[in-house]
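Structure first, commentary second.
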Amino acid sequence: MNTLIMIGQLIAGLSILVILHEAGHFFAARAFGIKVEKFYLFFDAWNISLFKYHYKGVEYGIGWLPLGGYVKIAGMIDESMDTDQMAGPPQPWEFRSKPAWQRLIVMLAGVFVNIVLGIFIFWMLTIKYGESYIPNQSVKYGIVPGIIGREIGLKPGDKITAVNGKKIVRFEELISSKVLLGNSQLTVDRNNQVINLNVPGNIYNEVADYGIGEFIQLRTKFMVDSVIAGSNAQKAGLQKGDSIKAINQQPIVFFDQFQNLIKENKNKPIELEVKRNNELVKLNAQVNEQGTLGFAAKGDEPVIEKAKFSFLSSLPVGASKAWGSFSDNAKGIGRVATGQIKANRAFAGPVTMATMFGSHFDAAKFWSLVGLLSMALALMNMLPIPALDGGHAMFLIIEMIKGKPLSDKFMEKAQIVGFCILIALMVFVYGNDIVRHVINK
């Protein structure tokens, strides 16, 4: 059932994006008097469709191949490769008969709709939910670096105050793209001394391998929240509310210190000094081979601030979030192109996306992901690859510069090349997604 909910959310989200994207092309074409022959969600490969109906000369339908959707515009060389239509003389209602600037608008209309949709979604989410964040100045005990954080020189207790010289206001900025896309500099307060640490351009590869938790986490004090029945913690006499102050007479203040000492004593007996009801109690415990005792810890609750925005003031906030997503994706593609980020770490397929939606429906999470995917779809369609909107736009701009259209034969070959590129990318993304999912299992 959980899997069905994930798949259902993914299909619903992508269907919204595809329909609205193609509607952009559809209405732009109709506005300029261009005939549209088909409007499909998913592809009706080999003319096989799950559902279709005709209305005012247009065939609307749902295809069986869930790889996007399309509108078939008369007089245009597209993925349908309908060369018979192009063999006849141009008709006034065909795409090829219209001025280049009108055709360019038709090609970019889908991207425009996705950008507007992304901004609108983030605008509405900001109105409804506002923004919750951890003020960076409230992080009293600094951070705890994981494997990735330690590699770049971070230490427990460090307080990161700025990125690239710009003061950090919200702690969440430290686990955002401005840091994780690399090539940035962190300003760190370490025991009241200021040092600078460089974040390499390939750090995203390690984040993809290890997870964001292995970069940095908030440093916290802790207490025992619950004890697992039958565990070594229960046998030692640990109770809910206990605060562990020392292990083998080594003082402990923070949870990361406890974890390090416990791991150093795998399969060994230890002495715990525990504060219970304002009294110190000594307990003997046995650490298991995994380096745990068997209890759940409760850390300090971070200070959370919530910002609310009016109907109008939330618009620039939402637009900034949408543009930030677009910009981050563009930078990520740039890092892939220059080899700093591995392609198999950067691109997510349907399995990963379905997992992101989760096994239960959460409106805020669903629409946030749809907004992010809308901006990603806009960017991907802007890439100058034949068969994508960006490829068509590129050829139209060349036509406008030359003063005459490119030949139909060239456009046909370009479409074939573009289609092969897209199929190769799709096989790579889907295959990588499946391999990643199997490995994680």
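The values are calculated or read from the model by the stated rules, or taken from the named source; none is laboratory data. All of these numbers come straight from a predicted model, not from anything done at the bench. Every residue, glycine among them, receives a Cβ derived from its backbone with ideal geometry; neighbour counts consider all protein chains shown. Accessible surface is based on the protein model in full, side chains and every heavy atom, while ligands, DNA and RNA are left aside. Shrake-Rupley method; radii C 1.70, N 1.55, O 1.52, S 1.80 Å.
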Which one, N265, N47, N288, has the greatest fluctuation when you compute a Gaussian network model over the chain with C-alpha springs under 10 angstrom? N47
Roughly speaking, what is the centre-to-centre gap between region 106-138 and region 251-269 when only Cα atoms are used, to the nearest Å? 43
Convex hull of Cα atoms in region 96-182, direction-averaged projection (nm²): 9.8
In the chain, carbon and sulfur make up what percent of the accessible area (probe 1.4 Å)? 61
If the elastic network links every pair of Cα atoms under 10 Å, which of L50, L396, L422 fluctuates the most in the Gaussian network model of the chain? L50
Cα shape, region 293-382, gyration tensor, a/c 1.5 rule: oblate
Under 16 Å Cα-Cα from K268, which aspartates and glutamates qualify once same-chain neighbours fewer than 8 residues away are excluded? E289
Taking a probe of 1.4 angstrom, what is the accessible area of F43 in Å², to the nearest 10? 60
With a 1.4 Å probe and all protein chains in place, put T187, T3 in order of accessible area, largest first. T3, T187
Place a point 7 Å from Cα of W93 in the direction of its Cβ. Which residues in region 40-68 have their backbone N less than 14 Å from it? 55-59
Would you tell me the accessible area of E399, worked out with a 1.4 angstrom probe on the heavy atoms of the protein chains, in Å² to the nearest 10? 20
Computed from the beta carbon distance with a Förster radius of 56 Å, FRET efficiency for R30 and N288 to the nearest 0.05 stands at 0.25
Can you find, among S310, S407, G390, the residue sitting farthest towards the positive end of the charge dipole of the chain, where Lys and Arg contribute +1 and Asp and Glu -1 at Cβ? S310
Under 1.5 on a/c is rounded, so check that first for region 189-271, then, if it is not, pick prolate when a/b is larger than b/c and oblate when it is not; a ≥ b ≥ c are the square roots of the alpha carbon gyration tensor eigenvalues. prolate
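Grab the eigenvalues of the alpha-carbon gyration tensor for region 217-331, scale each by 5, take roots, and send me the semi-axes largest first in whole angstrom.
Working from the Cα gyration tensor, I get semi-axes of 43, 17, 12 Å.
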Which pairs break 28 Å Cα to Cα here: K159/K321; K38/K402; K331/K413; K159/K282; K140/K308? K38/K402; K331/K413; K159/K282
Report ³J(HN,Hα) in whole Hz for each residue of region 297-313, in order, from the Karplus equation J = 6.51 cos²θ - 1.76 cosθ + 1.60 where θ = phi - 60°; Gly and Pro get x. 9, 10, x, 5, 6, x, 6, 10, 10, 10, 9, 10, 10, 6, 4, 7, 5
For W64, tell me the accessible area in Å² from a 1.4 Å probe, rounded to the nearest 10. 100
Under the Karplus relation with 6.51, -1.76 and 1.60 and θ = phi - 60°, whole-Hz ³J(HN,Hα) for region 99-104, x at Gly and Pro, equal x, 4, 5, 5, 5, 5
Ignoring everything except DSSP H segments at least 4 long, calculate the 222 nm mean residue ellipticity for the chain; use -39,500 (n - 2.57) per segment, divide by total residues, nearest 500. -14500 deg cm²/dmol
Label selected from [x] 62, 46, 44; [y] 90, 43, 42; [z] 94, 47, 43, the criterion being Cα extents along the principal axes in Å as computed here: [z]
Running a GNM on the chain with Cα contacts under 10 Å, which residue among A31, A330, A376 ends up with the highest mean-square fluctuation? A31
Straight-line reach check, K56, cutoff 19 Å on alpha carbons, 8 or more apart in-chain or any other chain, hits among aspartates and glutamates -> E22, E37, E94
